[in-house]
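Student: Quick one: this structure, given as structure tokens, is what I'll be asking you about.
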Ligand code: C2E
Ligand code: CA
Ligand code: CA
């Protein structure tokens, strides 16, 4: 403990012990003073009583000698006969009492008698005690004598109380003479001294007990104070440590701390055999802002950047500031490079919105460099270095982008990023279009519907099929606005063809899970039908088994609401999911679409044929229609006809067609089907006839 700090217990002990000593001494002294005072009064009283006895017995006989003694020559006074008899009588009277000496004065102040003969004849007029007694008061005092003449000879070292006592021969008379009585109190003082010691011991003992009790309390208090001080120091240390490891402006971990964190994260990644990404974030225009608008504005920008980055990171990620406009994000446990690319994209997107500083709208142009463990480096410093180098490259390539340290990864991520950027604008650029694949009714032998299938006319890559971009639409949630467009466009197109001769034509639109979770679907569909004038019974929505599996209650409610409007519902790719019959029974479904995979080898694989039989039988029992997709060969067509499938769809009839070709081809297909059935009828008839 520091020498200048206050030690409560030690201070308390020292001062208390001094206090105890002082109190003990004072108490002893006070006790002695009281005791001596009481004893003096008591002994004075005894002296008065003794004098009363003496004056009663002796005074009448010696009164005239004493009062007239002044007229005798003082040298001869001691030789007078009365003196000797007085001495004898007085000595007799005081036997057994602690009286050492008696003196008798007359009112003139003359010492008429004294145990010490030398004193006889001396004047006492100037003595204050004598004068007090002359005025009728008793005056007593305590004193110590080395030597004193007593009735029994000279005695040494005596404590004495001597009293001047007036003598009244009869009540209310004048003072006739004065006695001075010396009582020996040496033994009483001894006793008083003894009791004083006992009192001192007692008081000290009690005080020591009190001291020990208080010492315990003080020690406890001292302990509490010490703990408090230690805690205070610990907090101070923690604050100091925090300051040493954090950036003072943003309170983010600083370079030193980030290195530690990265080391720990690398250790974890090694142990758990997982991957880790380090994002090196650079606000490119920051220096210009700092120089032109001042440091305060620069600080505000950095604070805002910190907030936005903090919003972007996931729970376990670590954000830190390297200094200046450079930030690091440690992303642990990454599953794919795409995931990191998406994260980096999110970080960039967070800066699209301008930052308001001093009434100015500033757009920051960040660039991100990404290094991966274990691909790029396995040490913290090297990983930071790599990510930094990648960040520089990103800056060179035109900012507002991210670059992977590894070139090959860079290419694939960039492609995806480019797709992602492009798809954002595809809807507004009118790059989406729908193709329509005809659907044939076996009983009607004509095209009774079509399935709307989405295409993206990519400016560079040409026309893309949905497999290339549907998942991207779903991940970016763009499927909601694009889906709305598909529904409206399909309804509009179908209605147009109806008016152009394909009366009662139905259109089927595919819905993804995300659309079915959206609150707006019901309204979108209702609005599309109302706006285009298409009958609800001419619109069919295709959902997959996965939609049914997700939140069954919500889906069920939605499907029932759609059904209530008169819209048809079908289950797409049936047979690939895990829908059970009992599960299916709850859904108000009109058609089951048997997946292409079964149809493909229905003529070769007996299992698939049996399964198709079962699906058809089940659908019939549930009063649902069965649609087979992916018919490519005539054999498949005949087999499905035999199996009493209701509707067919596939390349055998037509591929998905651009809208401008659909009307004509649909009519041709229907015509061919009519012809085919007529031929079949004729040939059957001719067989029967022959
Ligand atoms: P799907 O709903 O099962 O659509 C049928 C797919 O099978 C279409 O592929 C179609 O071109 C293809 N097809 C039809 N007949 C045959 C055939 O005889 N042989 C072969 N090999 N293929 C045939 P497409 O157009 O590439 O669509 C693929 C998937 O993309 C669709 O599968 C559907 O799940 C999804 N999709 C297409 N358009 C949309 C849409 O507008 N919205 C949503 N959410 N998904 C869509
Ligand atoms: Ca479909
Ligand atoms: Ca399908």
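Student: Please give the length that would be gained between residue 665 and residue 89 if that part of the chain were fully extended, namely 0.36 nm times their separation in residues minus their C-alpha to C-alpha distance (nm, one decimal).
Tutor: Details: separation 576, 0.36 × 576 = 207.36 nm, distance 17.27 nm.
Gain on stretching residue 665 to residue 89: 190.1 nm.
Student: For the range 415-457, build the convex hull from the C-alpha positions and give me its volume per residue in Å³.
Tutor: 76 Å³
Student: Quick check: from the Cα gyration tensor, does the range 274-319 come out rounded (a/c under 1.5), prolate or oblate?
Tutor: Details: a/c = 4.69, a/b = 2.24, b/c = 2.09.
In terms of gyration-tensor shape, prolate.
Student: Quick one: 232, 632, fewest Cβ neighbours within 10 Å first, how do they rank? Don't skip to the end; give the middle numbers.
Tutor: Numbers: 232 10, 632 14.
Going from sparsest to densest Cβ surroundings: 232, 632.
Student: When the helix-only estimate is applied to the chain (DSSP H runs of n ≥ 4, each -39,500 (n - 2.57), divided by the residue count), what is the mean residue ellipticity at 222 nm, nearest 500 deg cm²/dmol?
Tutor: Values: 23 runs with 366 residues, N = 690.
Value at 222 nm, helices only, nearest 500: -17500 deg cm²/dmol.
Student: At q = 0.05, 0.06, 0.11 Å⁻¹, what log₁₀ I(q)/I(0) does the chain have when each alpha carbon counts as one equal point scatterer in the Debye sum?
Tutor: Here the Debye-derived log intensity ratios amount to -0.55, -0.64, -1.13.
Student: Let me ask something else about it. Any idea what angle helix 521-532 forms with the longest principal axis of the chain, computed on alpha-carbon atoms, 0 to 90 degrees, nearest 10?
Tutor: Roughly 40 degrees, rounded to the nearest 10.
Student: Compute the distance from the alpha-carbon center of the range 656-673 to that of the range 610-649, in whole Å.
Tutor: 22 Å
Student: Using 0.36 nm per residue, how much length does the chain from residue 576 to residue 314 gain when fully extended, once their Cα-Cα distance is taken away?
Tutor: Contour length minus Cα-Cα distance gives 90.8 nm.
Student: Just to be sure I understand the model, the point goes 7 Å from the Cα along the line to the Cβ. What's the resulting residue 397 to residue 585 distance in nm?
Tutor: According to this spin-label approximation, the distance is 5.7 nm.
Student: Applying a 10 Å radius around every beta-carbon, put 265-275, 460-470 in order of their mean neighbour count, most first.
Tutor: The peptides rank, most packed first, as 265-275, 460-470.
Student: Tell me, what is the percent relative contact order of the range 216-362, built from C-alpha pairs under 8 Å that lie six or more residues apart?
Tutor: Reported as a whole number, the value is 26 percent.
Student: Something else now. Once you order the gyration tensor axes a ≥ b ≥ c over the Cα atoms, which shape class does the range 573-632 get: rounded for a/c under 1.5, otherwise prolate or oblate by comparing a/b with b/c?
Tutor: Prolate.
Student: If I model a spin label as a point 7 Å beyond the Cα along the Cα-Cβ vector, how far apart are those points for residue 679 and residue 260 in nm?
Tutor: 8.5 nm
Student: Roughly how large, in nm² to one decimal, is the mean projection of the convex hull of the alpha-carbon atoms in the range 415-523? List each step's numbers first, then the result.
Tutor: On the way: hull surface 32.4 nm².
For the range 415-523, the mean projected area of the Cα convex hull comes to 8.1 nm².
Student: With an 8 Å cut-off on Cα pairs and a minimum separation of 6 or more residues, tell me the relative contact order of the range 22-168 in percent. Walk me through the intermediate numbers first.
Tutor: Numbers: 166 pairs, mean separation 31.3, N = 147.
Reported as a whole number, the value is 21 percent.
Student: Any chance you could give the angle, 0 to 90 degrees and rounded to 10, that helix 659-689 forms with the longest Cα principal axis of the chain?
Tutor: 60 degrees
Student: In addition: For the range 205-228 and the range 463-533, what is the centre-to-centre distance using only Cα atoms, to the nearest Å?
Tutor: 85 Å
Student: Right, another one. For the range 35-119, what is the largest minus smallest coordinate of the Cα atoms on each principal axis, given in angstrom and ordered from greatest to least?
Tutor: 45, 23, 22
Student: Let me know the shape class of the range 605-648, please: from the alpha-carbon gyration tensor, a ≥ b ≥ c as square roots of the eigenvalues, rounded when a/c is under 1.5, otherwise prolate if a/b is greater than b/c, or oblate.
Tutor: oblate
Student: Going 7 Å from the Cα of residue 611 in the Cα-to-Cβ direction, what parts of the range 628-670 have a backbone nitrogen less than 17 Å from that spot?
Tutor: 628-631, 640
Student: In nm, give the distance between the simple-model label positions of residue 492 and residue 293, each being 7 Å from the Cα along the Cα-to-Cβ direction.
Tutor: Simple spin-label model gives 4.3 nm for this pair.
Student: OK, next. Provide the packing ranking of 609-615, 237-243, i.e. peptides ordered by the mean count of other C-beta atoms within 10 Å per residue, highest first.
Tutor: 609-615, 237-243
Student: Same structure again: For the range 207-263, what is one quarter of the convex hull surface built on the Cα atoms, given in nm²?
Tutor: With the hull built on Cα positions only, its mean projection is 5.6 nm².
Student: Work out the FRET efficiency for residue 500 and residue 353 from their Cβ-Cβ distance, taking R0 = 51 Å, and round it to the nearest 0.05.
Tutor: So the FRET efficiency works out to roughly 0.60.
Student: Can you tell me how much longer the chain between residue 418 and residue 122 gets when fully stretched, taken as 0.36 nm per residue apart minus their C-alpha distance, in nm with one decimal?
Tutor: 92.6 nm
Student: Under 8 Å for C-alpha pairs, at least 6 residues apart: give me the relative contact order for the chain, rounded to a whole percent.
Tutor: Details: 1016 pairs, mean separation 51.3, N = 690.
Rounded, it is 7 percent for the chain.
Student: Using alpha carbons only, how many degrees (0 to 90, rounded to 10) separate the axis of helix 59-68 from the longest principal axis of the chain?
Tutor: 70 degrees
Student: I've got another one for you. P(r) for the range 158-286, please, calculated from all Cα pair distances in 10 Å bins and given in %.
Tutor: 9, 13, 12, 11, 9, 8, 7, 7, 6, 6, 6, 4, 2
Student: While we're on this one: For the chain, what proportion of DSSP beta bridges, expressed in % and rounded to the nearest 5, is antiparallel?
Tutor: 75 percent
Student: Between residue 49 and residue 220, what's the calculated FRET efficiency when r is the beta-carbon distance and R0 is 60 Å? Round to 0.05.
Tutor: Rounded to the nearest 0.05, the efficiency is 0.50.
Student: Taking a temperature of 20 °C and a viscosity of 1.002 mPa s, what whole-number D in µm²/s does Stokes-Einstein yield for the range 300-370 with Rh from Kirkwood over alpha carbon pairs?
Tutor: Roughly 165 µm²/s, to the nearest whole number.
No lab work stands behind these numbers, since they all come straight from the coordinates. Source: prediction; values computed, not measured. Note that we place each Cβ from the backbone using ideal geometry, even for glycine, and neighbour counts take in every protein chain shown.
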